[in-house]
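**Student:** Take this structure first; my questions come after.
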Amino acid sequence: MSCCVPPPVFAEAIAGPQRVGPAADEILLSSREVDKGVRQTDLSVPSIHCGACVQAIEKAFGALDRVESARVNLSTKRVAVRWKGEAPPPLFATLARLGYEAHLYETGDDGKDPALGALVRALAVAAFASMNIMMLSGSVWSGADAATRDVLHWICAGLTLPTLLYSGRVFYVSAWKALRHGRANMDVPITVGVFLAFALSVYDTIHSGTEVYYDATVSLLFFLLIGRTLDHVMRERARTAVKGLARLAPRGALVEQADGTREYLPLREIGPGMRILLAAGERVPVDATILSGSSDVDRSLVTGESAPAPMEAGARLEAGTLNLTGPLTIRAEAGERESTLAELLRLMEAASGGRSRYRRIADRVAGVYAPVVHLAALVTFLGWMAVNGDVHNAVTIAIAVLIITCPCALGLAVPMVQVVAARRLFDVGIMVKDGSALERLAEIDCVVFDKTGTLTTGQPQLANAEAISAETLALAGGLAVHSRHPHARSIALATGDTIAVAFTNMREVPGAGIEGVLNGAQYRLGRADWALTRPAGTTGTVFARDGDLLAHFDIRDALRAGAREAIQVLMAGDMPLEIVSGDEAVSVDAVGDALGIANRSAGVMPGGKSARLAALSASGRRPLMVGDGLNDAPALAAAYVSMAPGSAADIGRNAADLVFLRDNLDAVPQAIAIAREASRLVRQNLVLALVYNAVALPVATIGLINPFLAAVAMSASSVVVVLNALRLGWSFPGRSSHTALLPAEATA
Amino acid sequence: MTDFFYLIPISLILGTGGLILFLWTLRNGQYEDLDGAAERILYEEDEPRRDWDGI
């Protein structure tokens, strides 16, 4: 069992004096009233990972004033807090003190999933009915006399009818939809088979017949419902996990009205022309122009540029950029719907490439299989009519064919493997949106990476800490801790937590740096041309005393953890790699050289990225796109399959098929390896299921199968398929972080 | 055989009871945090669970 100490240090906690987490207004806005005077706030805390975390958080929240109750959900990594009063308790500060980063979780829905509830209830009813009917059928087939048999048949009929009506709805609805659109899916033979079998069984029960199909129909529904439920669970879990991550756009903004009053308005009520007060550390809510103030603005999520840009009055800000160093008054230029995001959404819709054309394996198999089953049943019926002209006999055997070939194991073959694969991926911190993403991931033949925030951390780090004396570094850290500028944070992080330097007259100059006075000397930390009075032949970030150079900081956007290893594994698997970045050529080349990726392009606009992916697809390739920014979103949508880190912009996460929550880039080769193994097992399962049908079909056609045997054989084949799916992951000993790619021929 | 017919309603009633119990646990939210439930059993403090009707 892993443990929770030491708590992860993250940037928010370092920038001590500044506010942690969203504004109280935003928390209030997103909370919901659950009782009179009691409000509930849902937080998503992705770093909760063991029982000790649960206890620590619940205890800390329980000790807060006005907190009614707090409950941690370890499976969904969420905390539900109920509190009283007007203003929310210091939830984010408490979590930050414990070392957890938290995000507000979307309210609106209360975390319940009605579709899943309905499926599980249907499954439970089918399980109950099939167990009892099997038990009764068992006694019939072990030789009950005629009178007893009829009674038992009537009891079975009584159990089957409500089950068919209640549990089978999901299939009837789907079959009806398919038929209305002139298509045939797997649910059509299921529906036809179930109803014919039931009708014939009732007829036989009335006429005191010996062979009835109650057991087969109900257990068919039971096994098929398992497949449906698993499929649903997998999609839903990934969706909610991804939904709980940080939002890029705030939920609202502090608006200054014409009469000078200030009010926190939700985002959708903000319109062009409104004056918004934007504190340091907040994201720009809508496209806007700066009216007054100056600051450094981090645009990395929007454009891919790694260095923050100084901005002054008159400059335009895109929605989603982060105001770093100074408070700004801005004027909204567009509402929520018309902001930069909307433009990107339009690009994304235009771009959705590979996935809309992709047909899932199960659908492809069904497309061939369903007509074959219908044809086989029809031929059987006509054949027996021709042989002896006995309608009842012909119908019985035709139904036996329909039931025995019903795609029970086929219905389980694919979702079972995908659920197990999704569970394996979940264990290593990777969320899959749906099964089709896994199938597509197994087929990729090249990988396109974004740079900023994907190959790199997107958080600059101090590269030459060893070259600077500890004393100087501590002084610099004492200044840096008061700034939100990413360069200052990297210095503060490098000095550790022994920061107790009491500077006075501290002042942050947006676009330049931060200064302070200590023992009569003036210290400056920031741009060289501002901090130094005499040019010292150095650029970049420096630390100076009275204008004299003390230290020069080499600050770089560090490679993401595991980037080297991940790239090596991919290259060892002969996967062509490519970098497409919106950043300038110098930084792209530095990263490309460090990782050994020769194929790279810099300064690419969002439209250019998706065009590159579209060109790859057009040339018959199946590219995997890995990216995080807003500018990557159209490319993520255009790719055959896409991955995004959990730190990505929310629109990018929504566009991506897979999201990896841990920082390590190892997730990419791991996901590919698991997808390929899953793909192999899916194929094995399909073969197993089809072999069973191929054996059973001729036997059923010549009328040698009795209903009880059919039901048993059907269950047996389903169990075999499930057991085979569970083999997934056996070849990854101990879930090690270094996973070799499986040979690509497994996906051929 | 007919002497044992009384067993059939008994088994059906027991089965229905199990089904209803399962549906109740489902509605009661007992499957919403399976990982958490596995951990909570190890806590030393044995406090009664506060009334919590669903997260």
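**Student:** Within the range A:97-117, does at least one residue satisfy the condition of being crowded, with 22+ Cβ neighbours inside 10 Å, away from every other protein chain (no Cβ under 11 Å) and in a helix (DSSP H, G or I)?
**Tutor:** No: the range A:97-117 contains no residue that is crowded, with 22+ Cβ neighbours inside 10 Å, away from every other protein chain (no Cβ under 11 Å) and in a helix (DSSP H, G or I).
**Student:** Here is a further query. Can you tell me which residues in the range A:25-67 are buried (at least 17 other Cβ atoms within 10 Å of the Cβ) and part of a strand (DSSP E or B)?
**Tutor:** Those that are buried (at least 17 other Cβ atoms within 10 Å of the Cβ) and part of a strand (DSSP E or B): A:R39, A:Q40, A:T41, A:D42, A:L43, A:S44, A:V67.
**Student:** Can you name every residue in the range A:572-589 that is buried (at least 16 other Cβ atoms within 10 Å of the Cβ) and either of a type in the set (S, T, Y) or in a helix (DSSP H, G or I) (or both)?
**Tutor:** Within the range A:572-589, A:S581, A:S587, A:V588 meet the criteria.
Yes/no per residue for (1) in contact (Cβ under 8 Å) with a residue 60 or more places away in the chain; (2) open to solvent by 30 Å² or more (accessible area, probe 1.4 Å); (3) over 34 Å from the mean Cα position of the chain (by Cα):
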{"position": "A:I430", "(1), (2), (3)": "yes, no, no"}
{"position": "A:A437", "(1), (2), (3)": "yes, no, no"}
{"position": "A:T456", "(1), (2), (3)": "yes, no, no"}
{"position": "A:Q459", "(1), (2), (3)": "yes, yes, no"}
{"position": "A:L475", "(1), (2), (3)": "yes, yes, yes"}
{"position": "A:H485", "(1), (2), (3)": "yes, yes, no"}
{"position": "A:A492", "(1), (2), (3)": "yes, no, no"}
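**Student:** Hey, another quick one. Which members of the range A:71-92 meet the condition of being of a type in the set (A, V, I, L, M, F, W, C) and facing chain B (nearest Cβ under 10 Å)?
**Tutor:** Listed by number, the residues that qualify are A:V72, A:L74, A:V79, A:A80.
**Student:** Within the range A:185-236, restricting attention to residues that are acidic (D, E) and more than 15 Å from A:S167 (Cβ to Cβ), which residue is least open to solvent (accessible area, probe 1.4 Å)?
**Tutor:** Of everything passing the filter in the range A:185-236, A:D204 is least open to solvent (accessible area, probe 1.4 Å).
**Student:** If you go through the range A:680-718, how many residues are over 34 Å from the mean Cα position of the chain (by Cα), hydroxyl-bearing (S, T, Y) and either under 27 Å from A:E439 (Cβ atoms) or surrounded by fewer than 16 Cβ atoms within 10 Å (Cβ to Cβ) (or both)?
**Tutor:** 1
**Student:** Here is a further query. For the range A:590-605, give me each residue that is part of a helix (DSSP H, G or I) and open to solvent by less than 30 Å² (accessible area, probe 1.4 Å).
**Tutor:** Those that are part of a helix (DSSP H, G or I) and open to solvent by less than 30 Å² (accessible area, probe 1.4 Å): A:V591, A:G592, A:L595.
**Student:** Criterion first (out of contact with any Lys or Arg (no Cβ under 9 Å at 6 or more places or on another chain) and not basic (K, R)) does A:A635 satisfy it?
**Tutor:** Judged against the criteria, A:A635 is not a match.
**Student:** Suppose we keep only residues that are open to solvent by 20 Å² or more (accessible area, probe 1.4 Å) and more than 8 Å from chain B (Cβ to nearest Cβ) within the range A:128-138. Which one would you say is farthest from the chain's Cα centre (by Cα)?
**Tutor:** Checking each candidate, the answer is A:G138.
**Student:** Report, by residue number, each residue of the range A:83-96 that is surrounded by 19 or more Cβ atoms within 10 Å (Cβ to Cβ) and over 21 Å from A:G51 (Cα atoms).
**Tutor:** Within the range A:83-96, A:W83, A:P88, A:P89 qualify.
**Student:** Output the number of residues of the range A:201-223 satisfying the condition of being small (G, A, S) and either outside any loop (DSSP other than H, G, I, E, B) or closer than 18 Å to A:M714 by Cα (or both).
**Tutor:** Adding up the residues that qualify gives 3.
**Student:** Are any residues in the range B:12-35 under 19 Å from A:L119 (Cβ atoms), at the interface with chain A (Cβ under 9 Å from one of its Cβ atoms), touching a helix residue (DSSP H, G or I) at 6+ places or on another chain (Cβ under 9 Å) and outside any helix (DSSP H, G or I), and if so, which ones?
**Tutor:** Passing the criteria: only B:Y31.
**Student:** If you take the residues in the range A:537-550 that are assigned to a strand (DSSP E or B) and over 15 Å from A:A521 (Cβ atoms), which one is modelled with the lowest pLDDT?
**Tutor:** That would be A:T541.
**Student:** While we're here: Could you look through the range A:258-307, keep only residues that are of a type in the set (S, T, N, Q) and at pLDDT 80 or above, and pick out the one that is most open to solvent (accessible area, probe 1.4 Å)?
**Tutor:** Top of the filtered list is A:S292.
**Student:** Right, something else. Which condition from (1) farther than 30 Å from A:A23 by Cα; (2) within 32 Å of the chain's Cα centre (by Cα); (3) modelled with pLDDT under 85 is the one that A:A246 breaks?
**Tutor:** Failed condition: (1).
**Student:** Oh, and also: Failed condition for A:V151, given (1) touching a helix residue (DSSP H, G or I) at 6+ places or on another chain (Cβ under 8 Å); (2) in a helix (DSSP H, G or I); (3) among the hydrophobic types (A, V, I, L, M, F, W, C); (4) open to solvent by 10 Å² or more (accessible area, probe 1.4 Å), with all others met?
**Tutor:** Status for A:V151: all satisfied but (1).
**Student:** Starting from the range A:210-228, keep only residues that are assigned by TED's automatic domain parsing to the domain that holds A:G143, then list their pairs with residues that are among the charged types (D, E, K, R) whose Cβ atoms are within a distance under 8 Å, requiring at least 6 positions of separation or different chains.
**Tutor:** These pairs meet every condition: A:T210/A:R149; A:T210/A:D204; A:E211/A:D204; A:V212/A:D204.
**Student:** In addition: Kindly indicate whether A:A56 is away from chain B (no Cβ under 13 Å) and more than 26 Å from the chain's Cα centre (by Cα).
**Tutor:** no
**Student:** Only residues that are in contact with a Gly (Cβ under 9 Å, 6 or more places away or on another chain) and more than 22 Å from A:R484 (Cβ to Cβ): list them for the range A:254-286, please.
**Tutor:** A:L265, A:P266, A:L267, A:R268, A:E269, A:I270, A:G271, A:P272
**Student:** Quick check: is even one residue across the range A:454-474 within 26 Å of A:Q684 (Cβ to Cβ) and touching a strand residue (DSSP E or B) at 6+ places or on another chain (Cβ under 7 Å)?
**Tutor:** no
**Student:** What pairs can you find where one residue is in the range A:120-143 and free of Cβ contacts under 8 Å to residues at least 40 places away in the same chain and more than 16 Å from A:A157 (Cβ to Cβ), the other is among the small types (G, A, S) and outside any helix (DSSP H, G or I), and their Cβ atoms are less than 6 Å apart, with a gap of 6+ or different chains?
**Tutor:** none
**Student:** Is there a residue in the range A:415-427 that is within 30 Å of A:T229 (Cα to Cα) and of a type in the set (G, A, S)?
**Tutor:** Yes: the range A:415-427 contains one or more residues that are within 30 Å of A:T229 (Cα to Cα) and of a type in the set (G, A, S).
The values are calculated or read from the model by the stated rules, or taken from the named source; none is laboratory data. Everything numeric here is computed off the predicted structure, so don't read it as measured data. Reconstructed Cβ throughout: ideal geometry from the backbone, glycine too, with neighbour counts over all protein chains shown. For accessibility, only protein heavy atoms count, side chains too; no ligands or nucleic acids. Shrake-Rupley method; radii C 1.70, N 1.55, O 1.52, S 1.80 Å.
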